[in-house]
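Structure first, commentary second.
The values are calculated or read from the model by the stated rules, or taken from the named source; none is laboratory data. Computed from a prediction, not measured in an experiment: that's the story for all the values here. Every residue, glycine among them, receives a Cβ derived from its backbone with ideal geometry; neighbour counts consider all protein chains shown.
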Amino acid sequence: MRPADLIARKQEGLPITMLTAWDALSAIVVAEAGADVALVGDSLAMTALGYDTTLPITLDEMLHHCRAAGRGLEAWRQEQLRRGTKRPAPLLICDLPFLSYQCNADEAVAAAGRALKEAPAAGVKLEGAEPETLAVIDRMVRSGIPVLGHLGLTPQSVHQLGYRRQASDPVAQERLRRQAEHLEAAGCFALVLEHIPAELATELSGDRRIPVIGIGAGDACDGQVRVTADLLGLTSRQPPFSPPLINGRGLAVEALQQWISAQRSARPATRPAVPAAPHC
């Protein structure tokens, strides 16, 4: 799967599915499930590393997890070859973390380049559409780096925006429309809209040529993205727009408790007595 394939899917009216991966095992699960995109999102700071926000994770940590996810996808590809199947592997995208692209364009392009050179990512995701960010995206795209945009609730701006729904009033909605237009003009191959009114997301999906991927933005977007750990019920708290599909945490704990109980209740094997150490 390539970025251009997502645009083709939109043109053909085919829905796009995107799930997060944070290591080799989760990437294999996402690929086997049939997702179009595996996103190594900075949400792993919270779901895998135990931080309260996405802000503390570093570029080196993101690349570490992206390399692991890439190894998982490669293992999945090899398994498909052994099976004789031709299912395409998901497009691997890596989030650029906080302060890896906001400081200056040279550092931003270098950070994005590392995601493609040192990890097997096929593109990067950036949050926001401020003039400085748009300039960075333009340089990345002209340098051959595919970019996925992200508007609405942008977790890297948590101290400024919080986790509440965005673009709730006409002024904010008009600003988001302009931002989406600017991101497409800068060369983004797709756009994530998070936690905004469904009517606005539907409008933007129809107006923009690039795919609009929603999360908490209604069902009429060109595709949907979710944090895999949320859907599997592995996290302690899920956002209101992403209820768990199964109680994965409870199922795992119950299975492990049964195993631990079985070990504790089993009769210990008879072992020969260990002779006491001689006294000097």
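Things to note:
- Selection within the stretch 79-110 - polar (S, T, N, Q) and farther than 22 Å from residue 39 by Cβ: 85, 104
Here's the yes/no breakdown for (1) in contact with a strand residue (DSSP E or B) (Cβ under 6 Å, 6 or more places away or on another chain); (2) within 25 Å of residue 20 (Cα to Cα); (3) modelled with pLDDT under 95:
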| position | (1), (2), (3) |
| --- | --- |
| 117 | no, yes, no |
| 123 | yes, yes, no |
| 138 | no, no, no |
| 149 | yes, yes, no |
| 173 | no, no, no |
| 193 | yes, yes, no |
| 198 | no, yes, no |
| 225 | yes, yes, no |
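- Selection status of residue 8, among the aliphatic types (A, V, I, L, M), free of Cβ contacts under 8 Å to residues at least 60 places away in the same chain and part of a helix (DSSP H, G or I): yes
- Residue within the stretch 54-61 that is among the acidic types (Asp, Glu), modelled with pLDDT of 95 or more and part of a helix (DSSP H, G or I) present: yes
- Hey, residue 44 buried (at least 20 other Cβ atoms within 10 Å of the Cβ), modelled with pLDDT of 95 or more and in contact with a His (Cβ under 8 Å, 6 or more places away or on another chain) or not: yes
- Filter result (without any contact (Cβ under 8 Å) to a residue 12 or more places away in the chain and of a type in the set (Gly, Ala, Ser)) within the stretch 13-72: 13, 50
- Residues satisfying the stated conditions in the stretch 11-43, i.e. part of a loop (DSSP other than H, G, I, E, B) and among the charged types (D, E, K, R): 12, 23, 36, 42
- For the stretch 217-235, the tally of residues that are crowded, with 22+ Cβ neighbours inside 10 Å and in a loop (DSSP other than H, G, I, E, B) stands at 4.
- Residue within the stretch 158-165 that is surrounded by 19 or more Cβ atoms within 10 Å (Cβ to Cβ) and touching a residue at least 12 places away in the same chain (Cβ under 8 Å) present: no
- Verdict on residue 193 being under 18 Å from the mean Cα position of the chain (by Cα), crowded, with 20+ Cβ neighbours inside 10 Å and of a type in the set (A, V, I, L, M, F, W, C): yes
Every residue, every condition in (1) touching a Phe, Trp or Tyr at 6+ places or on another chain (Cβ under 8 Å); (2) among the aliphatic types (A, V, I, L, M), yes or no:
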{"residue": "70", "(1), (2)": "no, no"}
{"residue": "79", "(1), (2)": "no, no"}
{"residue": "88", "(1), (2)": "no, no"}
{"residue": "96", "(1), (2)": "no, yes"}
{"residue": "105", "(1), (2)": "no, yes"}
{"residue": "126", "(1), (2)": "yes, yes"}
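- Filtered by the rule that a residue be closer than 24 Å to residue 178 by Cα and surrounded by fewer than 18 Cβ atoms within 10 Å (Cβ to Cβ), the stretch 110-138 gives 130, 131, 132, 135, 138.
- Of the listed requirements (1) in contact (Cβ under 8 Å) with a residue 60 or more places away in the chain; (2) of a type in the set (A, V, I, L, M, F, W, C); (3) surrounded by fewer than 23 Cβ atoms within 10 Å (Cβ to Cβ), residue 76 misses just one: (1).
- Yes/no for residue 182 being buried (at least 22 other Cβ atoms within 10 Å of the Cβ) and within 14 Å of residue 130 (Cα to Cα): no
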